[in-house]
Every structure is written in structure tokens, then in C-alpha cells.
1. Residues of segment 101-246: accessible area per residue at 1.4 Å, in Å²?
2. Going Cα to Cα from K293, which lysines come in below 22 Å? Please leave out same-chain ones fewer than 8 positions away.
3. Sequence neighbours fewer than 8 away in the same chain don't count; with that in mind, list the lysines whose C-alpha is under 19 Å from K171.
4. How long are the semi-axes of the ellipsoid equivalent to segment 223-282, from square roots of 5 times the Cα gyration tensor eigenvalues, in whole Å, largest first?
5. If you count, for each residue, the other Cβ atoms within 10 Å and average over each peptide, how do 175-185, 134-144, 150-160 line up from highest to lowest?
6. Quick check for you: with a 1.4 Å probe and neighbouring chains kept, what is the accessible area per residue of segment 250-341, in Å²?
7. What FRET efficiency comes out for the pair S86/D242, r = Cβ-Cβ distance, R0 = 56 Å, nearest 0.05?
8. Modelling each spin label as a point 7 Å along the Cα-to-Cβ direction, I'd like the T101/T303 distance in nm, to one decimal.
Amino acid sequence: MNFMMSKRFIRIGTMIAAFLLAGTALAQTTPTVDAPGQGAQAQPGSSGDADVLEIVEALLKVSGNHKGMRASGAKGVCVKGAFTPSPQGASLSRAPHFTRTVPMTMRFSMGGGNPNISDKTKPTTRGFALEFEDPTGPMVLYFVSAPVFSTKTPRQLLDFVTVQLPGPDGKTDPEKVRAFATANPETTRQAAWLNARPVPASFAGVDYWGVHAYTLTNGTGQATIVKLKAVAGAGQLGLNDDDLKTKPDSFYSEELKERLGKGPVTFDFIAVLGEPSDATGDSTALWPEENRKTVKLGSIAITPFEANAVCDEKNTDPVLNLPEGVAGPANDPMFAIRSPAYAISRSRRAQ
């Protein structure tokens, strides 16, 4: 791949990076408060219908079709750690994962399907995949370093990716891209968020969001709609332009290894409490966190690196792998499409 083609794939991948860890048909069942992991079916509609296979193949194509790689988060590192609950955790959720110390497997990654993407790329989400390994069953969550996704329906995602694909001349049509952004302004929110902030200096020095609205239900049946967030214990660590010039394209892994050599990497795991006016079915909608109450559910401590194969071989699913007391949104098509898309992406990696 020549330099210009590589730059194009990186640019496009950064625009869609926040989304794909999955995609699927809208008939996928989604969790509800009453039946986490099962629940009512999402309703198809002209604004949301899109073929999951077509979405995954488009995402692989736009990233350069790297054999054996994830459709997103292709470049990353696997780590181990543990979650320690806070006294407040059980007040929001009856999930046993919030009542005792639970071992965890996690993965930090760069967004997009290009395993050669530079760690210095600015308008790209950093990813944080979390599996809480409780004896009763796993809880799987996928976070990104922005509070919103880049698209709100599967149809919009497919169109968003398709408009970036090169034409017969091998080039992306900038007029089509601009026209799509004008007609779909919500697709610009994530890039605007990322561009307004410096490139993170470390996987450990940036906050991560679950972006979807989750429902936590406690032991008395009280349900609370929240956004889940991991707040970096190290604070927000950014690189200025001079710093970036001194960094190689792949520095995150070594930086994290050096940081872990000095002690655990920590995150506060918090719930941002929703209000009646907050959107729950549109993952491009930003909740104004400065006006929201938060509850600390616990803390995450990351200690050793883990072999990448451990994360690669895990068959995790953020829709189905939710315990009683934690439910994803029943009205967010971007959450609903995750399960089949993961399955398709995994099958493509094995080919």
C-alpha cells in the first residue's frame, strides 16, 4: 500500500472508528430491564435497515482488507486486572459483579481495521474492551474515548462508510463526503470531540465511555438509566505538536509496559445518571455530564500484560454477555446490531 492510500485509509478509519465493534440486522433481540439479554425486538425502519454482512464488508474494505484482523480495533494490547466495587455499586445494580472483587481481561486498541495505524492519529477513538469474569458469568462492555458514536442507525453507518469508498479513479469524492456530512450533521460530533482535544499520551491517560444508555436495576427492582464511563486515574494526558514529533508511530504498547512496571494503571468506573430529557436511543446524542449526578460503581486496577492471543480467542459479546441487573437499551439500533456483526467479523478473521 503506498503512502497516500495508507493516509486515506487512516483518515476514513478515524471517522468510523468509534463505531464498529459490531453491526447487524435490526431484528436482533436486545436486553430490557425485565429480561437482560433477551427482551423485545428492535423495530426495523427505512432509516435504520441495513444488511449486517454488507456493513462489515464495507468496514473491512475501507480499512484495507487486512487478512486476519478485526474490522475495528485491529491494533491493540491485551491486559489483566481486577474490579473492586464501591459501597454504592449495589445501590444501583443487583449484578454480583458490583458486589465483590472480580478478575478482568481487558484490551486497549486504536479504532479502525488498519493494524498499521499510527498511535499519533488524532481523530480516532482509542478503545477499551472490558470483560468482568465473575463465576456467575461474564459482563462484557466496549468503551471508546469519546462520549458519542459516529452514526445513529445501521443504514446511516453503511452510507457513512460507503461514501468514503474510492470511485473508479481510486479516489474518494470529497463533494459526496461533504454532502453526506451536511445532510447528517450528527455524524460529525465524534470527530469534533476528538479534534478539540490533544492526542492521548497513553492508553492509560484518557477517559472511556460506553456511549449507549444502560439500565441498572438494584435488588429492590429500582431501575436507573445511566451512561457508563471509565475515568483515568492518571488524569488526561495529552501530547502537543512538539511531543508528537518525538514519538514513533507505535509507542502506546511500550509506554503502557513502562507505566505498569511502576505500579497498577487505574480507572474509576462510574455511572452517569440520566434524566428524563436525555436521549436513550441515539448514541450520537451527547449527555451534558457537567449537569449530571454520578455514582462510583468501583475501581479497575490493571497490573500485567496478557498475551494478545488471550483477547483474540475470547468469544465476547456485549449484547448477550450482560448479567441480571444490567441491560442495554431496547431502542438503540446501534446497540442491537452488535452480536451478529461480531460473529461475522470473527468468521472473517479466521478465513
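1. Result: 37 Å² of accessible area for each residue.
2. Here the lysines satisfying the reach criterion relative to K293 are K227, K229.
3. K7, K61
4. Computed over segment 223-282, the values are 34, 17, 9 Å.
5. Put in order of decreasing packing, that is 150-160, 134-144, 175-185.
6. 44
7. 0.90
8. Each label point is offset 7 Å from its Cα along the Cβ direction, giving 0.8 nm.
The values are calculated or read from the model by the stated rules, or taken from the named source; none is laboratory data. The model shown is predicted, which means the values in this text are computed figures rather than measured ones. Here Cβ is always computed from backbone atoms with ideal geometry, including for glycine, and neighbour counts include all displayed protein chains. Heads up: the accessible areas ignore ligands, DNA and RNA and are worked out on the full protein's heavy atoms, side chains in. Shrake-Rupley method; radii C 1.70, N 1.55, O 1.52, S 1.80 Å.
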